[in-house]
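Following: one structure in structure tokens, then a few remarks.
Each value in this text was obtained by applying a stated rule to the coordinates, not by laboratory testing. Just so it is clear, the structure is predicted and the values come from calculations on it, not from any experiment. Please note: Cβ atoms are built from the backbone with ideal geometry, for glycine as well, and neighbour counts cover all protein chains shown.
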Amino acid sequence: MIVLEPLRLRVQLTKRGRMRYLSHAEYSRTLMLAARRAGLPLQYAGMNSQRMKVSLSPPLAIGVTSECEFVDYFLSDYVSPGEAAQVLGRSLPPGIEVVSCRLMGSGAKSVGKLIDTAEYTVTLPFQAGFEGDWGKAVQEFMRKDTVNFERVQPRRTRVVNLRPGVHRLEVVGTDPEGSVRIQMVLDDGTRGTVKPSEVVQVLAESVKAPAGYREGCRVNREGLYVRRGDRLVSPLELARRRPAV
Amino acid sequence: MKAELPGSVWEELEPLLLRVQRPSRYLGGEWNAPDIEPGGTTVVLAYPDIYEIGISNLGLAILQEVVNDIEGASCERVYSPWVDMEKEMRDAGVPLFSLETHRPVSDFDIFGISIPHELTFTNILNLIDMAHLPLMAVDRKEGPLVVGGGCGTANPEPIADFFDIFVLGEGEEAIGSLVEVVSRGRSLGWTREKTLSEASALPGVYRPSDYVVEYAESGAIEAISPAAGAASKVRKNLVDLDRWLYPEHPIIPFCEAVHDRLNVEVFRGCTRGCRFCQAGMIYRPVRERSATSVVRMVENLSGRTGHEEVSLCSLSSTDYTMVEEVSGRVSQICKDRHMALSLPSLRMDGLSVELVSGLAGSRGGGLTFAPEAGTERLRGVINKQISETDMAEAVIGTVRAGRRRIKLYFMIGLPTETEKDVEEISRLVFRLRDMVRRKGLPPPALNISVSTFVPKPHTPFQWVTQEGPESIELKQRILKETVRGRGINLSWHDCHMSLVESLLARGDRRLAAVVKHVWENGGRFDSWSEHFEFSRWEKAYHETSTDPDFYLYRERAENEVFPWDHLDFGLDREFLFNEYRLATGGGLSADCRGGECLECGVCRNLEAELTLKGSWR
């Protein structure tokens, strides 16, 4: 008989449609209550034993949609990934859908400690300006070593250099309605975070986009990765490795 | 995602969402939120405060499901938009909309508004106005029936002009009858007026315009006369709790609500007989739910909600005669599902503390008790029968069970109270703390919360004069000077807020002008200290020529006609007055669950009876 060590269930989820209006706290609460409703064999922590152990991928700003969010549920017992995907999927509100589920050993790093890179597509409304102008702004951005940005946070405001956290930035075309689409790969997670809205703000200033472009700007997170040299590895691929015995 | 129904304002609403705090308040689509089919009789139920408070209201959750279980009817929700959202909606011309289908409230057949307390009156006006409906009932010739319910119907007179009808008492059966009348009216093509007059014939339904109030020269009410055909009094409704096992699918908010737990009601009513307590009077008689029903509800609902905590709720849950059996069985369910079990509204004695200390997941956390007054004498006046020995046992037991935080509720401004009684509050608090120390236990952190007594209708203290601001502030100063020490924290209420509450609590229809004036001048969320502005109310008194002292400080005669005299919650006036007389001498009254009937009149008048499922200790 094989003795199984404690397991984790790594789940890839979406955050689409109206679910993009949930704050990170609301979204994580939704994931936890859904897991309880689904009856997953969860591991609980703390003396009251009602708090489950989970690890979540880096937070999304309110309004941003995502094709790729992760959560690690710490399990107390074995459950097949297929069954877990099914019961969890039935317990989640529409818009948050299970893309994929994998089991991992307890030795593996949790998603919160693993993910360091995110890929986004930003779609700007056609009023924001021409594709060509944005393309030039992007080239200029990438040529620089330093792109200073004033980051305003509730407690402090400081100037940060965005450039080292921007790994890829390109205009990938226009939509049928004439919207400009920009793709970007940014630091997000354990190595610091650059927000797509910050990059867009710098670009918008350089193309002198009319005020109000932000209203129609849509941001979608396409992927979350772990950087291994030049390679972007999905946290699900890392799960494929056999847990150390 | 389901497509929006015709008439939805979602497209106009969506651009506003990113400009406001917590957009999830306006989304709908929460777990267990009902799927609404188009057509049929449509009801929208409102709570006049923000989402986080409104979603925690058990009454509305029950009524929504009751309506949605009726064939051919549907029920949605709406809460007061927060100030930021109100501004955005008004600027964009978006009307108040339902959460489930985002349709304008004005398109519904019934617009039900819960009236939780007096300081929500301005929010109620705001809801009606944001729904783009005329404020005054007489001006509404079309659109939904605006119906009030909840405990505020004990005296809805200051807002009576804004409502078409009120439903008194428990609404489970009444809302079904109302929906039936409205459905019949729809199919027979009745006028709005015809539907209203049919509805006002239903039991427990009060149509303010059917009653004419006449005033004497002194300003007091001379008479309240029913129109031809209207009953002399409207009597509240009661239901059999074991026949209404709702809610079955509690809605789980995305955000954390104020009561973030599964609430299962174990009984209604309370006959402890505290003389200041309106709930203890207007929800009589005590009717308990059977142990089997309670346990079954917990079993079914815990899996459907995923909640981390179950609360067996009532006005005083340790008084439930089946509490030991039920909490034992529910504790087992909780352990299996990793939930905590709580019994709110704890009686302050050793037995109650022992009971809650054995509950699932009960370690840590604090407990809250309500001694209400600092001296035995004053507790006698209000008929709060807890001795200091009980209190000591409760506090010691709490600390012994490993809980370090204790909250104690007191009131100031009670009838016959002197400064001495107030000074005794701090002495009592210190004595309790020292008793814990003497047992060799660590002293608990004590949070002392002091509110101002407000006389309420349908209670023995409805005749009492409100304590004035100077005296309240003096007593608060005494507390601030005396209730201080390591681990002791004092909190109190703005006395002006209590004065507004008091004015409205025993107000009459003439106060509609004041409420309207305050609302027109920006009054919103008056129960939120950051939004309450006393100057707005003072200005309104002045500009509507209202004398607040008339309502607050006037001695009321034994036989005075009260604005709520035509609203019958079952209590005999003689009983209330007798209790008032007893109070001044500190005379105690027993709990009728012990077997001795005090002739409060409720069982006789409402043809109801006390229903206990076990034996009263």
Reachable lysines, given that their alpha-carbon falls under 21 Å from the alpha-carbon of B:LYS439 and they are not under 8 places away in the same chain: B:LYS407
Theoretical FRET efficiency, 1/(1+(r/R0)^6), r = Cβ-Cβ of B:THR544 and B:THR465, R0 35 Å, to 0.05: 0.95
Amide proton proximity set for B:LEU359, modelled H, under 5 Å, gap of 5+: none
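Using Cα pairs closer than 8 Å and at least 6 residues apart in sequence, work out the relative contact order for segment B:10-235, in percent.
Working: 359 pairs, mean separation 37.1, N = 226.
Averaging sequence separation for qualifying contacts and normalising by length gives 16 percent for segment B:10-235.
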Highest-fluctuation residue, A:TYR120, A:TYR225, A:TYR44 considered, GNM on chain A with Cα pairs under 10 Å: A:TYR44
In range of the label at B:GLU558: residues from segment B:257-278 whose backbone nitrogen is under 19 Å from the point 7 Å along Cα→Cβ: none
Rounded Å value of the spacing that divides the Cα centres of segment B:139-187 and segment B:339-384: 37 Å
Surrounding net charge for B:TRP190, when Lys and Arg each add one and Asp and Glu each subtract one, Cβ distance under 11 Å: +2
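Can you give the FRET efficiency to the nearest 0.05 for B:GLU520 and B:ARG431, using r as the Cβ-Cβ distance and R₀ = 56 Å? Write out the running numbers ahead of the final one.
Working: r = 51 Å, r/R0 = 0.90.
Rounded to the nearest 0.05, the efficiency is 0.65.
What ranking do B:GLU118, B:GLU419 get, fewest neighbouring Cβ atoms within 10 angstrom at the top?
Details: B:GLU118 26, B:GLU419 11.
The order, fewest Cβ neighbours first, is B:GLU419, B:GLU118.
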Segment B:HIS531-B:SER290, extension gain: residue separation times 0.36 nm, minus the distance between their alpha carbons: 82.5 nm
Ellipticity estimate at 222 nm from DSSP helix runs (n ≥ 4, -39,500 (n - 2.57)) divided over chain A, nearest 500: -7000 deg cm²/dmol
Simple label model, 7 Å out from Cα along Cβ direction - B:ASN300 to A:ASP230, nm: 6.3 nm
Alpha carbon centroid spacing (whole Å) that separates segment A:135-153 from segment B:548-604: 74 Å
Residue-count net charge about A:ALA85 - beta-carbon cut-off 14 Å; Lys, Arg +1, Asp, Glu -1: +1
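What is the order of A:ARG36, B:ARG90, fewest Cβ neighbours within 10 Å to most? Before the final figure, lay out each step's value.
Details: A:ARG36 21, B:ARG90 13.
By the 10 Å Cβ count, ascending: B:ARG90, A:ARG36.
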Estimated FRET transfer efficiency (A:GLN127, A:ALA25; beta-carbon r; R0 22 Å; 0.05): 0.10
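Hey, what did chain B get for relative contact order, percent, Cα under 8 Å, at least 6 apart? Please report the intermediate quantities before stating the final value.
Numbers: 1179 pairs, mean separation 86.4, N = 617.
Over chain B, the number comes to 14 percent.
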Of the DSSP H helices in chain B, those whose Cα atoms cover at least 24 Å axially and whose Kyte score averages 1.6 or more: none
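What does the charge add up to near A:ARG37, with Lys and Arg as +1, Asp and Glu as -1, over the other residues with Cβ less than 9 Å from its Cβ?
Values: positive: A:ARG36, A:ARG90, B:ARG304; negative: none.
Taking every Cβ under 9 Å from that of A:ARG37, the sum is +3.
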Potential lengthening between B:GLU376 and B:VAL239 on full extension [0.36 nm per residue; Cα-Cα distance subtracted]: 45.6 nm
Cross-link reach list, lysines versus A:LYS113, counting only Cα pairs under 27 Å and skipping chain neighbours closer than eight places: A:LYS15, A:LYS53, A:LYS195
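Given the pairs B:LYS233/B:LYS420; B:LYS335/B:LYS613; B:LYS141/B:LYS516; B:LYS236/B:LYS420, which are separated by over 32 angstrom at their Cα positions? Intermediate values should be presented prior to the final figure.
Values: B:LYS233/B:LYS420 43 Å; B:LYS335/B:LYS613 25 Å; B:LYS141/B:LYS516 20 Å; B:LYS236/B:LYS420 41 Å.
Where the Cα-Cα span goes over 32 Å, the pairs concerned are B:LYS233/B:LYS420; B:LYS236/B:LYS420.
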Residue with peak Gaussian network fluctuation, chain A [Cα springs, cutoff 10 Å], from A:GLY216, A:GLY229, A:GLY192: A:GLY229
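Note down the relative contact order for chain A as a percent, whole number, built from C-alpha pairs under 8 angstrom at least six residues apart. List each step's numbers first, then the result.
On the way: 476 pairs, mean separation 60.6, N = 245.
Relative contact order of chain A: 25 percent.
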Isolated Cys residues of chain B, judged by Cβ distance under 4.7 Å to other cysteines: B:CYS75, B:CYS151, B:CYS255, B:CYS270, B:CYS313, B:CYS334, B:CYS495, B:CYS592, B:CYS597, B:CYS600, B:CYS603
Exposure proxy ranking, count of Cβ atoms within 10 Å, fewest first, for B:CYS600, B:CYS75: B:CYS600, B:CYS75
Length gained when the stretch A:VAL159-A:ARG51 is fully extended (0.36 nm per residue, less Cα-Cα span): 35.1 nm
Inter-centroid distance (Cα atoms) of segment B:492-512 relative to segment B:72-138, Å: 23 Å
Choice from A:THR65, A:THR121, A:THR30 with maximal GNM fluctuation in chain A (Cα, 10 Å cutoff): A:THR30
